[in-house]
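Every number here is computed from the coordinates shown, using simple stated rules; none is lab data. Source: prediction; values computed, not measured. Note that we place each Cβ from the backbone using ideal geometry, even for glycine, and neighbour counts take in every protein chain shown.
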Amino acid sequence: RIQASTLIDDAIERLLEGYNDGPMLVFDGDNAVGLVDLGAIRPVPRKLWRERTVGDVMRPLEGLGRVRSSASLAELIELLPPEVPGIALIERDGRVIGATDRRDVVRRLQDYLAAERIEKLRRGRKA
C-alpha cells in the first residue's frame with residue numbers, strides 16, 4: 001500500500017521489497033485508486049524519479065475484475081484474465097483491500113499443495 005503522492009524515488013525500495021507479493025495498491029487518502037509495480041516505473045528515466053509520483057505511473061483500477069475477500073481460490077482463478085499479468089482486486093464491504101495477480105495465485109497454490117504433501121507424509125509416519 002502506497003500513497004499516489006509518493007515520489008518514485010521514495011517508493012522504489014518498497015516496490016523492490018514487495019516484488020514477489022504482486023501489484024501494490026495505490027491510495028489517495030483512504031481510497032484505493034490504482035496499482036503500481038516495477039514495470040510501471042521501468043520506462044521512467046532515473047533522473048525523473050525525484051519529480052514523478054507513483055500516481056503518475058500507476059494503473060487505474062477501472063476495468064479490473066473484483067472478487068470478495070471470502071471467495072474461494074477457484075472463484076479467483078476463474079476471474080483472473082488469461083493475459084499476463086492477470087490482475088484481480090480483492091474487496092471487503094465494497095472497498096478494495098488488496099490485489100493479486102496470476103503469478104501470486106499460482107505461487108500460493110503451490111505452497112498449499114506442498115504443505116498438503118508434507119502433512120500426508122507426517123500422518124503416514126504416525127500410523
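A few comments on the model shown:
- Beta-bridge orientation, the chain: approximately 70 percent antiparallel, per DSSP, counting only bridges with both partners inside.
- Distance between the 7 Å Cα→Cβ label points at R122 and D93: 3.5 nm.
- For the stretch 22-31, the Karplus equation 6.51 cos²θ - 1.76 cosθ + 1.60, evaluated at θ = phi - 60°, returns couplings of x, x, 9, 6, 10, 10, 10, x, 9, 9 Hz by residue, with Gly and Pro reported as x.
- Of the GluC sites (Glu not before Pro) found in the stretch 6-110, the ones in coil according to DSSP and having at most 14 other Cβ atoms within 10 Å of their Cβ are E51, E62, E83.
- In this simple spin-label approximation, S69 and E17 carry label points 7 Å from Cα along the Cα→Cβ vector, and these lie 2.2 nm apart.
- FRET efficiency, K47 to R1 (Cβ-Cβ, R0 22 Å, nearest 0.05): 0.20
- Applied to the stretch 60-68, the Karplus parametrisation 6.51 cos²θ - 1.76 cosθ + 1.60 on θ = phi - 60° returns per-residue 3J(HN,Hα) values of x, 7, 4, x, 8, x, 10, 9, 5 Hz, with x for Gly and Pro.
- On Cα atoms only, tilt of 102-126 relative to the major axis of the chain in degrees: 30
- Using the Stokes-Einstein relation with a Kirkwood hydrodynamic radius computed over Cα pairs, the translational diffusion coefficient of the chain at 20 °C and a viscosity of 1.002 mPa s comes to 133 µm²/s.
- For the stretch 87-127, the direction-averaged projected area of the alpha-carbon convex hull comes to 3.9 nm².
- Only Cα pairs under 8 Å and 6+ residues apart enter the sum, and on that basis the relative contact order of the stretch 1-116 stands at 24 percent.
- For the stretch 1-58: rounded, prolate or oblate by the Cα gyration tensor [a/c cutoff 1.5]: oblate
- Seen against the Cα atoms of the chain and their longest principal axis, helix 8-17 is set at about 10 degrees.
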